[in-house]
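Notes follow the structure.
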Amino acid sequence: MQPLELSRLAQEAPLRVLLVHAGEPDALTWSGLVQPLRLAAKLLGPERLHVDVRTPDKFTADQRLWHLVLLVADEAEVALRPANLRTVVARCRAAPCWGGVGAGVLWLAEAGALNGARAALPWSLYPDVDMRADQALLSPHLYEIDGTRVTCCGGAASIDFALTLVDLLFGATVQAQVKEILCVDRVRGPDERQRVALQARFGVLQPKLTEAVTLMEANIEEPLSTDDIAQLAGVSRRQLERLFKQYLGSLPSRYYLELRLQRARQLLRDTNHSIVQVGLMCGFSSGSHFSTAFGALFGNTPREERQRKLSQ
């Protein structure tokens, strides 16, 4: 389900959201998710949004229809018992849209429910991934919306995820009101990475891949060539391309370009640098090339991105 399709859930009146809470009440993963959604429900009223909470046991005994169901647990939580997990997963999948947050992502992946879907797994849980869970397309991003399945790595990213759901479901005005109450200045997008996810997943097994990405991140303003990166990382260009294709699903040049464009979007949102300056700071000597590449990745121009910031 793409964001446009997700927004169609808001046509339900009221939209019924259920959070299956399998963790501690004071965990950041939980509070970061539930507070924005509850505030949105308070602003919109019960006729437009209903947010409820169940434990896994109470959820499996509840046969009501929920439009969006999220299995939520802090990354340190012990997994549900297999029998309980199977029942919870089956109930989740009965909803039009469903997924997990924090450790809930790993549990759904281990149950085979996320096979073939991009899933934002907490970086600290990568060592716990078994062969079945690895059939999901594990993403280093903060959160993912893929088909009817939505996932978030948890922690502080839960706030960004919840606010993004509010925006997609009810629009930017409602999101802005919730942001103001929570004193949140900026919502991180789904394309932003967990900073240590790559190191956690590949650092020991694929140090050359980690080294190559580190080189890219350190050379945004004056990009290195693929050959230079391969040489500095101590591998051939062919080996480097194979590593990127196998573990990141992209060519080094494409991954590098997206990294620079993501940095450009962050600068457009968070600084007052001119569009030309932002392009130069991210390695684009041509304004037209910058604008074309930016539009191809994000669907809008750098100028439109800046205008969006100014209108908030």
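Please work out if ALA22 is over 20 Å from ASP160 (Cα atoms), within 24 Å of the chain's Cα centre (by Cα), open to solvent by less than 50 Å² (accessible area, probe 1.4 Å) and not basic (Lys, Arg). Spelling it out, ALA22 is indeed over 20 Å from ASP160 (Cα atoms), within 24 Å of the chain's Cα centre (by Cα), open to solvent by less than 50 Å² (accessible area, probe 1.4 Å) and not basic (Lys, Arg).
Checking each residue in the stretch 203-226 for being open to solvent by 40 Å² or more (accessible area, probe 1.4 Å), over 30 Å from VAL276 (Cβ atoms) and free of Cβ contacts under 8 Å to residues at least 24 places away in the same chain picks out VAL204, LEU205, PRO207, GLU211. Of ALA83, ALA41, all but one fail to be open to solvent by 10 Å² or more (accessible area, probe 1.4 Å), free of Cβ contacts under 8 Å to residues at least 40 places away in the same chain, assigned to a helix (DSSP H, G or I) and under 26 Å from VAL129 (Cβ atoms); the exception is ALA83. Across the stretch 150-185, the number of residues qualifying as open to solvent by 40 Å² or more (accessible area, probe 1.4 Å), outside any helix (DSSP H, G or I) and closer than 25 Å to LEU259 by Cα comes to 2. Look at (1) open to solvent by less than 50 Å² (accessible area, probe 1.4 Å); (2) assigned to a helix (DSSP H, G or I) and you find that ALA296 fails only one, number (1).
Yes or no, residue by residue, for (1) closer than 21 Å to SER124 by Cα; (2) open to solvent by 10 Å² or more (accessible area, probe 1.4 Å); (3) not in a helix (DSSP H, G or I):
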| residue | (1), (2), (3) |
| --- | --- |
| LEU65 | no, yes, yes |
| LEU70 | yes, no, yes |
| GLU77 | yes, yes, yes |
| ARG91 | no, yes, no |
| GLY100 | yes, no, yes |
| GLY104 | yes, no, no |
| ALA109 | yes, no, no |
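Restricting attention to the stretch 264-293, the residues that are under 25 Å from the mean Cα position of the chain (by Cα) and not in a helix (DSSP H, G or I) add up to 2. Scanning the stretch 133-149 for residues that are more than 21 Å from VAL178 (Cα to Cα) and open to solvent by less than 10 Å² (accessible area, probe 1.4 Å) yields ALA133, ALA136, SER139.
Listed conditions (1) over 20 Å from ARG188 (Cβ atoms); (2) within 23 Å of the chain's Cα centre (by Cα); (3) not small (Gly, Ala, Ser) are all met by LEU259, apart from (1).
If you go through the stretch 227-263 and keep only what is farther than 26 Å from GLN277 by Cβ, open to solvent by less than 50 Å² (accessible area, probe 1.4 Å), part of a helix (DSSP H, G or I) and polar (S, T, N, Q), you end up with nothing.
The values are calculated or read from the model by the stated rules, or taken from the named source; none is laboratory data. The shown structure was predicted, so the numbers you read here are calculated from the model rather than taken from an experiment. Positions of Cβ are backbone-derived with ideal geometry, glycine not excepted, and every protein chain shown enters the neighbour counts. Just so you know, the surface numbers come from the protein's heavy atoms only, side chains and all, with ligands and any DNA or RNA stripped out. Shrake-Rupley method; radii C 1.70, N 1.55, O 1.52, S 1.80 Å.
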